[in-house]
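Worksheet for the structure shown next.
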Protein chains: 2
Amino acid sequence: MSPDAVKNEDGKERNPFPNSFTDEFRYTIDHRGRVNFPAPFRRALSDESKDRVIVARGMDGCLLVFPKDVWEQRRRDFNKTPYSPQQQRRLQRLLSFGAKESAFDGQGRITLTPRLIELAKLKKEVLIVGMGDRVELWNPDIYEQYISESDQTVESILEEYLTRPGTDMGESADKAV
Amino acid sequence: MSPDAVKNEDGKERNPFPNSFTDEFRYTIDHRGRVNFPAPFRRALSDESKDRVIVARGMDGCLLVFPKDVWEQRRRDFNKTPYSPQQQRRLQRLLSFGAKESAFDGQGRITLTPRLIELAKLKKEVLIVGMGDRVELWNPDIYEQYISESDQTVESILEEYLTRPGTDMGESADKAV
DNA sequence: GCTCATTACCCACCATTACCCACATTATGG
DNA sequence: CCATAATGTGGGTAATGGTGGGTAATGAGC
């Protein structure tokens, strides 16, 4: 499966990795709760989600930003879970609890509600971390703390996976065009 | 045309070993944090990642440079690990910690952030080492130090693997003489 | 209906970045 | 041995991206 894409009909080059977010940015929140959304991430957004994202509570004290189409997909996925309809509804509500849909302003920023800011204990600065098809917002201090708590075991696991040449887990060799 | 490229039927150059990096290079970082990326390595990049790489923290004090498609593959692989969701999240975050996506400029250079430069203790010079599907950046002094620390055990292991049958060279070397 | 608080849209500034050109040096080919 | 291309290094400059603030629309409360 490579949803990788096609060029646009207007000939403009499109991102070959839609909704794929990598690396970190450090921005400031202004007194109105506005946070810049990294320009590379904006460009990486799929056409369907060009201007709309959902900000929700994340795990371990961060906030999550989903492109709208990814969010909808997640929501639909709950219906495929083996749980009862009651439990599925509960899952959906937990997911949406505190979530806020947000649009970009002319400068590419989103506005966080006071509630979300409080949930993530955000102060003046935000760390924005690309995590594949979603983006995490962190209080930099908490993130630092979280990272430093990683024990030796996790780090050696990471090391092993990083150092492993090519991956035998995923299918490789589908490079032909 | 370069010796490490072959021609496709359509006449375009294509590398027979995409995302395969060998050999060492020694370059300088300029005052803007720009480092040249070896021309043979640029040619070795897969078509998908021709223009984009990710620079991340590596083990033992070096930096890692991944072609974007390799990086994405690694990231997806974490979700297939037998570990708990919490651990998977931690792995993903550890992987992304400090990571920066970068594009090549017209001269084939990437720019390193001050943070990455500091992490790897890079001064004026960088040693660039091909390590299979990824590339390592080293402070040459630290690399030298690291190599010299290899003890007798490691060296004898290397010796054994170098001379072990399994390659034509090793085999014939064993039987000849 | 009116007022006030909140939100959304707009413009302005400026540091940083990316793009461009220039040149020195090395490899390549005749 | 010279000519030519390719590669590594440095720097100027226009464009982008991040930040702050003014002002018009929106909506809630009285």
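Restricting attention to the range B:58-80, and to residues there that are more than 10 Å from every other protein chain (Cβ to nearest Cβ) and touching a helix residue (DSSP H, G or I) at 6+ places or on another chain (Cβ under 8 Å), which single residue is farthest from B:ILE117 (Cα to Cα)?
Start the filter on the range B:58-80 by keeping residues that are more than 10 Å from every other protein chain (Cβ to nearest Cβ), which leaves B:61-63, B:65, B:67.
Cutting the leftovers down to touching a helix residue (DSSP H, G or I) at 6+ places or on another chain (Cβ under 8 Å) gives us B:61-63, B:67.
Working: B:GLY61: 11, B:CYS62: 10, B:LEU63: 9, B:PRO67: 19 Å.
Among residues in the range B:58-80 that are more than 10 Å from every other protein chain (Cβ to nearest Cβ) and touching a helix residue (DSSP H, G or I) at 6+ places or on another chain (Cβ under 8 Å), the one farthest from B:ILE117 (Cα to Cα) is B:PRO67.
On the given criteria, is B:ARG26 away from chain A (no Cβ under 14 Å), touching a Pro at 6+ places or on another chain (Cβ under 8 Å) and at pLDDT 85 or above?
yes
Here is the figure for the range B:20-36: residues that are within 7 Å of DNA strand D (Cβ to nearest atom), aromatic (Phe, Trp, Tyr) and open to solvent by less than 50 Å² (accessible area, probe 1.4 Å) total 1. Return yes or no: is B:ARG89 open to solvent by less than 30 Å² (accessible area, probe 1.4 Å) and either within 22 Å of A:ILE157 (Cβ to Cβ) or in contact with a Gly (Cβ under 7 Å, 6 or more places away or on another chain) (or both)? It is false that B:ARG89 is open to solvent by less than 30 Å² (accessible area, probe 1.4 Å) and either within 22 Å of A:ILE157 (Cβ to Cβ) or in contact with a Gly (Cβ under 7 Å, 6 or more places away or on another chain) (or both).
Against the test of being touching a residue at least 60 places away in the same chain (Cβ under 8 Å) and more than 16 Å from DNA strand D (Cβ to nearest atom), the options A:LEU122, A:LEU91, A:LEU116, A:LEU112 yield a single qualifying residue, A:LEU116. The set of residues in the range A:120-174 that are modelled with pLDDT under 90, acidic (Asp, Glu) and surrounded by 14 or more Cβ atoms within 10 Å (Cβ to Cβ) comprises A:GLU155, A:GLU159.
Scan the range A:29-49 for residues that are under 14 Å from the mean Cα position of the chain (by Cα) and more than 12 Å from chain B (Cβ to nearest Cβ) and the total you get is 5.
Results for (1) closer than 12 Å to B:TYR27 by Cβ; (2) within 14 Å of chain A (Cβ to nearest Cβ), shown as yes or no for each residue.
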residue	(1), (2)
B:LEU91	no, yes
B:SER96	no, yes
B:LYS100	no, yes
B:GLY106	no, no
B:THR113	no, yes
B:LEU119	no, yes
B:LYS124	yes, no
B:GLY132	no, yes
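For the range A:37-53, the set of residues classified as open to solvent by 10 Å² or more (accessible area, probe 1.4 Å) and modelled with pLDDT of 90 or more consists of A:ALA39, A:PRO40, A:ARG42, A:ARG43, listed by residue number.
The values are calculated or read from the model by the stated rules, or taken from the named source; none is laboratory data. As the structure is a prediction and not an experimental result, all values here were calculated from the model. Neighbour counts are summed over all protein chains in view; Cβ atoms, including those assigned to glycine, are modelled from backbone coordinates with ideal geometry. Only protein heavy atoms, including side chains, enter the accessible area calculation; ligands, DNA and RNA are left aside. Shrake-Rupley method; radii C 1.70, N 1.55, O 1.52, S 1.80 Å.
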